[in-house]
Amino acid sequence: MVNYNEDYLNEIFHALADSTRREMVHMMALKERTVSELAKPFDMSLAAISKHIKVLERANLVDRIVNGRTHICRLNAESLSQAKEWLSFYEKFWSNRFDLLENELLKAKKKEH
């Protein structure tokens, strides 16, 4: 297994643990967004949105570019790929369980007929 910086992964998974931040990541995956654009779908203040963005920045999931008074947020996909890489180690366990479930469902279906 690849050795990962535990604190770094903790920051990433902490940032992604919140549904608002996950939605913001999804929005930025489609294109870079201003803070106002990120705030639009949520019923919260710009200050609250800014706190969410700071959590994403600490996890290195977001790069913020300041252009005058406009703050543009861009997804840093490299950090997401590191989290995916860590999770992929466990994929074999999930795949095995799904294969077992599929076999059991096929057996049950054959018994019905």
Requested in this report: Order these peptides, 97-109, 74-86, by their mean beta-carbon neighbour count within 10 angstrom, highest first.
Outcome: 74-86, 97-109
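For the stretch 1-44, which trypsin sites (Lys or Arg not before Pro) are both in a DSSP coil and crowded by at most 15 other Cβ atoms within 10 Å?
LYS31
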Report task. Give the shape of the chain as rounded, prolate or oblate, defined through the alpha-carbon gyration tensor: a ≥ b ≥ c are the square roots of its eigenvalues, a/c under 1.5 means rounded, and otherwise the shape is prolate if a/b is larger than b/c and oblate if not. Result -> prolate
Query raised in the report: If you build a Gaussian network model of the chain, linking Cα atoms that sit under 10 Å apart, which residue out of THR20, THR34, THR70 swings the most?
Result: THR70
**Report entry** Segment ARG97-SER81, extension gain: residue separation times 0.36 nm, minus the distance between their alpha carbons
**Finding:** 3.4 nm
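Only the coordinates and a few stated rules stand behind these numbers; no lab work does. None of these values were measured; they are calculated from a predicted model. Quick reminder, even Gly has a Cβ in these numbers, built from the backbone with ideal geometry, and neighbours come from all protein chains shown.
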